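Data block below; observations after.
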Ligand code: PMP
């Protein structure tokens, strides 16, 4: 008699193709199969508990199985589960749009729903493109992105993506974009200030030469996530925003990863008082519960589409699940918990708690850099700390460290040689301490070859 686990594992191998996964690798190891979650713990089908140390891919805000969020979905289920926004509206979609405009950076006034971060990015790109087209600026068709940027996996999002490992294979099918350097202080010879200057100079030069061809700059504000949790030097984002404004180029803030409290502010743009023309949100919008994303636009963008039908300025874009009422209902419930539980204050307090606790890790021989913004941490492991020589990619130091953490009871997913620590925002200090312990033990085990 096979166990339930064995049956599921066999079916998983037979039928599932996992995202961002080399299946030959994956099928060599026993799969982790999750059965349920409670608070910040996930339990596998064999009953073992794991801390959700990467917030189930960076989207867990209030934990798993949260009564208030469950109830919001149940209540809405009793009314209607699907209602398209093509030709009609629904109550949660309207109420959520109002709430989002209230909490968004100043100037954002309209909400266009979609169902994933990537589709939200597609919408922002198409809106920016058509915004200029509708006003007769038909040459403004290209985008500026940043080195190592990640904006999702659909074709437009990949076109403004700049991570060679993920994106290069698709290059022949993509539209070309301009790329400026991202300020990666740890790996820039002159450090943070020089890195920032290099970014601003490149942007200024590009805008001075070609602003008449450029529709928008798309940026992961303050923290570039998938490239390795790389935090911008202070003031960089606001100066980039000012340059865009000065040269009549739209600013698209991709807040999919950074939005909803993750960086210590509701949105990363708030940290530098930046008001983008378009802002993409997803992930934490529903507390991570359901696939809802949105693209927020200013009135100026919206008005460029507002015309008599025959003028052909309509934004012809929409998805079947746009404005799904179950998703919007749980997003509203999540935002209510933000207020009731003072989540943002909690993030600030916990961020400095973790920072202090992680400080000792900096002394370890293979910990090159510890980066942080709010409750978003990246720990870059290096072969040689003095020269900052990275580990060879083939050594899979990040994967091995994450696997060790899993053995010790915490889940995380590395970015190359960077260990990611993105705990749910509601993690308690005791839970954070337990997770930091596992992180430390895993790093020492893998990089120093011994148990601490
Ligand atoms: N933009 C950023 C900055 C992201 O980090 C991600 C996902 N990690 C996306 C877009 C894509 O979101 P989704 O996976 O929901 O399509």
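The values are calculated or read from the model by the stated rules, or taken from the named source; none is laboratory data. In this text, all values refer to a predicted model and were calculated from it rather than measured experimentally. Here Cβ is always computed from backbone atoms with ideal geometry, including for glycine, and neighbour counts include all displayed protein chains.
One residue alone among 69, 59 is touching a helix residue (DSSP H, G or I) at 6+ places or on another chain (Cβ under 7 Å), under 21 Å from residue 432 (Cβ atoms), surrounded by 22 or more Cβ atoms within 10 Å (Cβ to Cβ) and modelled with pLDDT of 95 or more, and that residue is 59.
Taken as a whole, region 303-326 holds no residue that is buried (at least 20 other Cβ atoms within 10 Å of the Cβ), touching a strand residue (DSSP E or B) at 6+ places or on another chain (Cβ under 9 Å) and not in a loop (DSSP other than H, G, I, E, B).
For region 335-350, give me each residue that is surrounded by fewer than 20 Cβ atoms within 10 Å (Cβ to Cβ) and either modelled with pLDDT under 95 or closer than 22 Å to residue 234 by Cα (or both). Matches in region 335-350: 344, 345, 348, 349.
Residue-by-condition table, conditions (1) farther than 24 Å from residue 274 by Cα; (2) crowded, with 18+ Cβ neighbours inside 10 Å; (3) modelled with pLDDT of 95 or more; (4) within 16 Å of the ligand (Cβ to nearest atom):
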| position | (1), (2), (3), (4) |
| --- | --- |
| 151 | no, yes, yes, yes |
| 154 | yes, no, yes, yes |
| 175 | yes, no, yes, no |
| 197 | no, no, yes, no |
| 208 | no, no, yes, no |
| 211 | no, no, yes, no |
| 215 | no, yes, yes, no |
| 219 | no, yes, yes, yes |
| 228 | no, yes, yes, yes |
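Counting only residues that are farther than 14 Å from residue 91 by Cβ and over 21 Å from the mean Cα position of the chain (by Cα), region 322-336 holds 1 of them.
Among the residues of region 57-79, are any assigned to a strand (DSSP E or B) and closer than 18 Å to residue 347 by Cβ? Among the residues of region 57-79, not one is assigned to a strand (DSSP E or B) and closer than 18 Å to residue 347 by Cβ, which makes the answer no.
Which of the residues belonging to region 8-29 are under 17 Å from residue 396 (Cα atoms) and part of a helix (DSSP H, G or I)? Selection gives 23, 24, 25, 26. When region 40-63 is filtered for residues that are touching a strand residue (DSSP E or B) at 6+ places or on another chain (Cβ under 9 Å), in contact (Cβ under 8 Å) with a residue 40 or more places away in the chain and closer than 19 Å to residue 430 by Cα, the ones remaining, listed by number, are 40, 42, 49, 50, 51, 52, 53, 54, 60, 63.
Scanning region 408-444 for residues that are over 12 Å from residue 350 (Cα atoms) and free of Cβ contacts under 8 Å to residues at least 24 places away in the same chain turns up 414, 437.
The rows are residues; the columns are (1) over 13 Å from residue 53 (Cβ atoms); (2) surrounded by 21 or more Cβ atoms within 10 Å (Cβ to Cβ).
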{"residue": "367", "(1), (2)": "yes, yes"}
{"residue": "372", "(1), (2)": "yes, no"}
{"residue": "375", "(1), (2)": "no, yes"}
{"residue": "390", "(1), (2)": "yes, no"}
{"residue": "394", "(1), (2)": "yes, no"}
{"residue": "410", "(1), (2)": "no, yes"}
{"residue": "415", "(1), (2)": "yes, no"}
{"residue": "444", "(1), (2)": "yes, no"}
{"residue": "451", "(1), (2)": "yes, no"}
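When we screen 246, 239, 189, 272 for residues that are more than 27 Å from residue 106 (Cβ to Cβ) and away from the ligand (no atom under 16 Å from the Cβ), the only hit is 189. Out of (1) buried (at least 19 other Cβ atoms within 10 Å of the Cβ); (2) without any contact (Cβ under 8 Å) to a residue 60 or more places away in the chain, what's the single condition that is false for residue 145? (2) is the only condition that residue 145 fails.
Within region 108-124, if we keep just the residues that are near the ligand (Cβ under 9 Å from one of its atoms) and more than 15 Å from residue 97 (Cα to Cα), the residue that is surrounded by the most Cβ atoms within 10 Å (Cβ to Cβ) turns out to be 121. Scoring residue 246 on the criteria (1) buried (at least 18 other Cβ atoms within 10 Å of the Cβ); (2) under 24 Å from residue 142 (Cβ atoms) leaves a single failure, condition (1). Going through (1) within 14 Å of the ligand (Cβ to nearest atom); (2) buried (at least 24 other Cβ atoms within 10 Å of the Cβ) one by one, residue 290 falls short only on (2). Among the residues of region 379-417, those that are in a strand (DSSP E or B) and under 21 Å from residue 41 (Cα atoms) comprise 410, 411.
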